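Q: My questions all concern the structure below.
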Amino acid sequence: MRKTQLALLTLCATVLAGFVTITPAAARDYPWCAQGGEYDYPGECAYSTYEQCQASVSGRLLYCDRNPRFAYGQQQVPPPRPPRRTRPVAPY
């Protein structure tokens with residue numbers, strides 16, 4: 001019974017350690033999108049090259065086109081930082 005509890009505790013600790021080390025994925029706009037069919041505009045924008053996109057859409061009644069956000073430089077802009085509040089300084 002103790003061996004089972006120890007094994008279960010070790011397994012839980014290993015799984016918990018795995019979750020702690022996971023980092024969030026970075027968002028990225030890729031230059032090519034698969035468009036048409038089941039995809040809304042701008043489509044599935046997950047391709048670095050035109051060839052990758054063509055290979056993915058082959059036989060799926062889709063086509064490849066430039067990602068409008070990437071092509072026209074409409075990158076997501078972070079919201080502006082609020083202005084800093086300064087405290088008045090008392091004279092010496």
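Q: Tell me, in nm to one decimal, what length is gained between residue 51 and residue 90 on full extension, where the rule is 0.36 nm per residue of separation less the Cα-Cα distance?
A: 7.4 nm
Q: Follow-up. Could you sort the peptides 50-56, 2-8, 30-36, 63-69 by per-residue average Cβ neighbour count (10 Å cutoff), highest mean leading?
A: 30-36, 63-69, 50-56, 2-8
Values quoted throughout were computed directly from the atomic coordinates according to the rules given, and no laboratory measurement underlies them. Worth saying up front: this structure is predicted, and the values here are computed from it rather than measured. FYI the Cβ positions are ideal-geometry reconstructions off the backbone, even for glycines, and counts take in every protein chain you see.
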